[in-house]
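A.B. asks: Mind looking over this structure? Questions follow.
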Amino acid sequence: MTKILVTGGAGFIGSHLVERLLSDGYAVTVLDNLSTGKLENLPVQHPALTVVTDDICNPEAVAHSIKNADAVIHLAAVASVPASIADTLGVHQSNLVGTLQLLEAARRHGVPRFIYASSAAVYGQPLALPLCEDSVLNPLSPYAIDKLAGEHYLRFYAHQYGFQGVCLRFFNIYGPRQDPASPYSGVISIFADRLLAGEPITVFGDGQQSRDFVYVSDLVAVLRHALTMPSASANLTLNVGTGRQSTLLDLVAALAALTGKPFEIRFADQRSGDIRHSVADNSRLGQHLGARAWTPLQDGLTGLLPARGR
């Protein structure tokens, strides 16, 4: 049975991926320190699932988890720009040193494929849209800098030691299990919970800033295909986005229409460093992983709201 190591597998994205891998007949080992992930997100009784509650910065835990793995899907990270600014060194340990720890373990154990979760944050303020993989890279936070450095280390290890590296730049992922109470949570889960609770929604700036929102099941499908793509197509960097933009005001209006709830928007000053617009050019992803039908925002929100107690 093919064995996959998923770091951060108890988290929002990781737990959806683990469910898909188990249903497809893979054996899965999850390495997660549970700083944001939750065991209740996982089918812990599944016979093909092993959960290691430890940190990617612990070399013994990494060596134990990666043993006999056929691939690594590295999702674990402190996915927060503010946290990376407030605790740059601590977040660097998790986001870059932890990545290096995994790459070195993959080298030692001869793991043939390493899939790395990067971020659209590596682009910084776009000079032109849509963003393609060859766009200018201008990371504006320690989080984005570490993600970009992780990309470079993956390319080095893949070239130097012969394994297949796949780097995926995630745009704005949303869906069930995204914790609105977490400081790392996405805007959709926060807006949805406040709307359902009858609380005002705070929008920083004028609400016309736009993002490329990707439903979590679409991301899982991309990760799943990255496991089995031909080796000749590996060692790639690919955007994971829908190619469609939605403004924050569009998002609030769509949530309000689905819930039938009245809402109040409170506008606040735009946050320093916030990116105005972001949208992916996903043509390269389609070339290498096949054309796909992306979940429309309205449908994704419909799937999200039952988990929020709609």
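A.B. asks: Could you identify the single residue in Gly205, Gly186, Gly165 that is outside the structural domain of Leu129 (by TED's automatic domain parsing), under 30 Å from Leu22 (Cα atoms) and touching a strand residue (DSSP E or B) at 6+ places or on another chain (Cβ under 9 Å)?
C.D. replies: Testing whether each residue is outside the structural domain of Leu129 (by TED's automatic domain parsing), under 30 Å from Leu22 (Cα atoms) and touching a strand residue (DSSP E or B) at 6+ places or on another chain (Cβ under 9 Å) leaves just Gly186.
A.B. asks: Answer yes or no: is there a residue in region 264-280 that is closer than 30 Å to Ala232 by Cβ and assigned to a loop (DSSP other than H, G, I, E, B).
C.D. replies: Yes: region 264-280 contains one or more residues that are closer than 30 Å to Ala232 by Cβ and assigned to a loop (DSSP other than H, G, I, E, B).
A.B. asks: For residues that are assigned to a helix (DSSP H, G or I) and not small (Gly, Ala, Ser), scanning just region 107-123, find the one that is surrounded by the fewest Cβ atoms within 10 Å (Cβ to Cβ).
C.D. replies: Selected residue: Arg108.
A.B. asks: Another question about this same structure. Using the structure shown, decide if Ile201 is of a type in the set (A, V, I, L, M, F, W, C), surrounded by fewer than 18 Cβ atoms within 10 Å (Cβ to Cβ) and more than 20 Å from Leu75 (Cβ to Cβ).
C.D. replies: No.
A.B. asks: Do we have any residue at all in region 198-211 that's at pLDDT 90 or above, under 25 Å from Ser94 (Cα atoms) and of a type in the set (Asp, Glu)?
C.D. replies: Scanning region 198-211 turns up no residue that is at pLDDT 90 or above, under 25 Å from Ser94 (Cα atoms) and of a type in the set (Asp, Glu).
A.B. asks: Of the residues that make up region 283-297, is at least one under 25 Å from Ser141 (Cβ atoms), free of Cβ contacts under 8 Å to residues at least 60 places away in the same chain and within 21 Å of the chain's Cα centre (by Cα)?
C.D. replies: Looking for residues that are under 25 Å from Ser141 (Cβ atoms), free of Cβ contacts under 8 Å to residues at least 60 places away in the same chain and within 21 Å of the chain's Cα centre (by Cα), one finds none in region 283-297, hence no.
A.B. asks: If you scan region 272-294, which residues turn out to be in contact with a strand residue (DSSP E or B) (Cβ under 7 Å, 6 or more places away or on another chain) and surrounded by fewer than 20 Cβ atoms within 10 Å (Cβ to Cβ)?
C.D. replies: If the condition is that a residue be in contact with a strand residue (DSSP E or B) (Cβ under 7 Å, 6 or more places away or on another chain) and surrounded by fewer than 20 Cβ atoms within 10 Å (Cβ to Cβ), then Asp274, His277, Asp281, Arg284, His288 are the ones that fit.
A.B. asks: Let me ask you something else. Tell me, which residue of region 1-32 that is closer than 22 Å to Asp179 by Cα and without any contact (Cβ under 8 Å) to a residue 40 or more places away in the chain is surrounded by the fewest Cβ atoms within 10 Å (Cβ to Cβ)?
C.D. replies: Glu19
A.B. asks: Let me confirm something: among Ala149, Ala232, which residue is free of Cβ contacts under 8 Å to residues at least 60 places away in the same chain, under 21 Å from Val122 (Cα atoms), outside the structural domain of Thr302 (by TED's automatic domain parsing) and not in a loop (DSSP other than H, G, I, E, B)?
C.D. replies: Within the list Ala149, Ala232, the selection yields Ala149.
A.B. asks: Scan (1) surrounded by 16 or more Cβ atoms within 10 Å (Cβ to Cβ); (2) in contact (Cβ under 8 Å) with a residue 40 or more places away in the chain for the single condition Gly186 breaks and write down its number.
C.D. replies: Checking Gly186 against (1) surrounded by 16 or more Cβ atoms within 10 Å (Cβ to Cβ); (2) in contact (Cβ under 8 Å) with a residue 40 or more places away in the chain, the one that fails is (2).
A.B. asks: Taking the conditions exactly as written (crowded, with 16+ Cβ neighbours inside 10 Å, outside the structural domain of Cys167 (by TED's automatic domain parsing), more than 17 Å from the chain's Cα centre (by Cα) and at pLDDT 90 or above), does Leu248 satisfy them or not?
C.D. replies: yes
A.B. asks: Tally the residues that are within 15 Å of the chain's Cα centre (by Cα) and among the hydroxyl-bearing types (Ser, Thr, Tyr), restricting the search to region 198-220.
C.D. replies: Of the residues in region 198-220, 2 are within 15 Å of the chain's Cα centre (by Cα) and among the hydroxyl-bearing types (Ser, Thr, Tyr).
A.B. asks: While we're on this one: Within region 48-71, is there a residue that is more than 17 Å from the chain's Cα centre (by Cα) and within 19 Å of Arg169 (Cα to Cα)?
C.D. replies: yes
A.B. asks: Then there is this: Just the residues that are out of contact with any helix residue (DSSP H, G or I) (no Cβ under 7 Å at 6 or more places or on another chain), of a type in the set (Gly, Ala, Ser) and under 15 Å from Ala117 (Cβ atoms), please, taken from region 12-45.
C.D. replies: Gly14
A.B. asks: Please determine, by comparing only the residues of region 124-168 that are among the acidic types (Asp, Glu) and surrounded by 18 or more Cβ atoms within 10 Å (Cβ to Cβ), which one is nearest to Asn282 (Cα to Cα).
C.D. replies: Glu133
A.B. asks: Shifting gears a bit: Restricting to region 76-124, and then to whatever is modelled with pLDDT under 95 and of a type in the set (S, T, N, Q), can you tell me which residue is farthest from the chain's Cα centre (by Cα)?
C.D. replies: Ser84
A.B. asks: If you go through region 222-242 one residue at a time, how many are of a type in the set (Gly, Ala, Ser) and surrounded by fewer than 17 Cβ atoms within 10 Å (Cβ to Cβ)?
C.D. replies: Residues that pass the stated criteria total 3.
The values are calculated or read from the model by the stated rules, or taken from the named source; none is laboratory data. The shown structure was predicted, so the numbers you read here are calculated from the model rather than taken from an experiment. Positions of Cβ are backbone-derived with ideal geometry, glycine not excepted, and every protein chain shown enters the neighbour counts.
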